[in-house]
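Here is the structure we will look at, set down as structure tokens.
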Amino acid sequence: MTETTKTGNKNWRPATSLVHGGTMRSPFGETSETIYLTQGFTYAGAEAAEARFNGDDPGYVYSRYANPTVTMFEDRIKGLEGAEAARGTASGMAAVNLALMASVKAGDHVIASKALFGSCRYICETLLPRFGVESTLVDGTDIDQWKAAVRPNTRAMFLESPTNPTLEVIDIAAVADIAKEAGARLIVDNVFATPLYQSPLELGADVVIYSATKHIDGQGRCLGGVVLSDEEWITDEVMPFIKHTGPHMSPFSAWVLLKGLETLPLRVARQTETAGQVADFLADQAKVSRLIYPGRADHPQADVVARQMRAGSTMVAFEIDGGKEAAFRFTNALEIIKISNNLGDAKSLITHPATTTHQSIGEEARAELDISDGILRLSIGLEDPLDLLEDIEKALGAI
């Protein structure tokens, strides 16, 4: 069994591509993708090994570099994203770190949106400066701040949109124009939008990253991440980093994520439909002082949403009157919706960012980002919408 056949068609629509794209079948003709659970590979002879290592033979050499199951995942998602190349990583944060570290060197400068996940801010504010890379954080929705922060040594710009947890939507095309003029690489974390609802590369971004742990798996089973960009940068900058530092995705995780991609459109569509219903319900509740949902006309960046997103989100952010005490009473009273720091799952999950995901950035930074003690981030799952609304209504009564 030495040969495989590969399937893929660039003209397929997303739902078809996510079932069949990038599949490699062995001569056994298996229907479900094979898990190549191996550390290394053998060669027909010493000459074949030499050819593999010097690049004359494009086959596999070691699963820390590349693996057939991981390749299938990479090929499938790059087809959906419209990217030339993709590389899977062990987690979403591995993807963030990889994308940034492969873009800069000592003496360079990075501009990032202030509205980032806590660990992403740690990389920008603490880790990169240890290696001689300066960073500037800006209000991502203020395009003039991006322009003003540019320096001659700016080499990367980084943002997430919609943002975590307040669901701000940043004008990717406008930031991309600034990055190109500055000679910088724009990196976009597209987790909250999913590849189905937003295409950063089409908007001018250079790199797209995902925590595949979220919607792509979407069932709470494994960790994973992916970096997508042009072939040259992936080959020249990303692959050496992967080879020598070891953040590559495991074959088993890749297989689980391949199965997740098959049902991604069905799950995300259902979650988004329910999220819209939940957002409309929360907007009318007296105990909810603020509701943020990209699918509503009252979203602060509704005009940007209309230009660059194809639908709303599976996420809803809202603020409970009464601060932390009221927010804790509400979340503790929920029965169906579970308390967790994860998102994009088949189960509806709620998070209190000030004490969990954004606890590490400090009170001052949270205040600057409008992450109050009453803010909650709700990730909508696949439950019946009426059951979720009843659960929320009952929990509001506990405040």
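The values are calculated or read from the model by the stated rules, or taken from the named source; none is laboratory data. Since the structure is predicted, the reported quantities are computational estimates derived from the model, not experimental observations. Heads up, the Cβs are rebuilt from the backbone with ideal geometry, glycines too, and the neighbour counts pull from every protein chain shown. What goes into the accessible areas is simple: the full protein's heavy atoms, side chains included, and nothing from ligands, DNA or RNA. Shrake-Rupley method; radii C 1.70, N 1.55, O 1.52, S 1.80 Å.
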> Accessible area per residue of the stretch 182-297 at 1.4 Å probe, in Å²?
Replying inline: 34
>> For the stretch 304-396, report the % of Cα-Cα distances exceeding 21 Å.
In response: 35
> Tell me, what is the per residue accessible area of the stretch 340-387 in Å², probe radius 1.4 Å?
Replying inline: 40
> How high is the relative contact order of the chain, in percent, counting Cα pairs under 8 Å that sit 6 or more residues apart?
Replying inline: 16
>> Testing the spin-label approximation: label points 7 Å from Cα along Cα→Cβ at PHE53 and ASP142. State their distance in nm.
In response: 5.5
> Roughly how tilted is helix 251-283, in degrees to the nearest 10 and between 0 and 90, from the longest Cα axis of the chain?
Replying inline: 20
> In degrees between 0 and 90, to the nearest 10, how far off the longest principal axis of the chain does helix 172-182 point, with axes built from Cα atoms?
Replying inline: 60
> In the stretch 339-399, carbon and sulfur make up what percent of the accessible area (probe 1.4 Å)?
Replying inline: 47
>> With a 1.4 Å probe and all protein chains left in place, how much accessible area per residue does the stretch 91-166 have, in Å²?
In response: 34
> Got a number for carbon plus sulfur as a percent of the stretch 112-244's accessible area, 1.4 Å probe?
Replying inline: 48
>> I need the Kirkwood Rh of the stretch 222-339: take the reciprocal of the average 1/r across all distinct C-alpha pairs and report it in angstrom.
In response: 18.0
> In a Debye calculation with equal point scatterers on the alpha-carbon sites of the chain and no solvent, what is log10 I(q)/I(0) at q = 0.06, 0.13 Å⁻¹?
Replying inline: -0.24, -1.09
>> Rolling a 1.4 angstrom probe over the protein chains, ignoring ligands and nucleic acids, what is the accessible area of MET101 in square angstrom, nearest 10?
In response: 50
> Ordered by packing density, taken as the mean number of other Cβ atoms within 10 Å over each peptide's residues, highest first, how do 196-203, 339-346 rank?
Replying inline: 196-203, 339-346
> Given a 1.4 Å probe and the protein chains all in place, what does the accessible area of PHE328 round to, in Å² to the nearest 10?
Replying inline: 80
> If the stretch 176-253 were replaced by its equivalent ellipsoid, with semi-axes equal to the square roots of 5 times the Cα gyration tensor eigenvalues, what would those be, largest first, whole Å?
Replying inline: 24, 19, 8
> Equivalent-ellipsoid semi-axes (√(5λ), Cα gyration tensor) for the stretch 131-263, whole Å, largest first?
Replying inline: 27, 19, 13
> Looking at the P(r) of the stretch 12-113, how many percent of alpha-carbon pairs lie beyond 18 Å?
Replying inline: 63
> In the stretch 296-358, which trypsin sites (Lys or Arg not before Pro) fall in coil by DSSP and have 14 or fewer other Cβ atoms within 10 Å?
Replying inline: ARG310
> So what's the angle, to the nearest 10 degrees on a 0 to 90 scale, between helix 92-101 and the longest Cα principal axis of the chain?
Replying inline: 70
> Can you pull the accessible area of TYR65 for me, 1.4 Å probe, Å² to the nearest 10?
Replying inline: 50
> Summing -39500 (n - 2.57) over the DSSP H runs of n ≥ 4 in the chain and dividing by its residue number, what mean residue ellipticity at 222 nm do you reach, to the nearest 500 deg cm²/dmol?
Replying inline: -10500 deg cm²/dmol
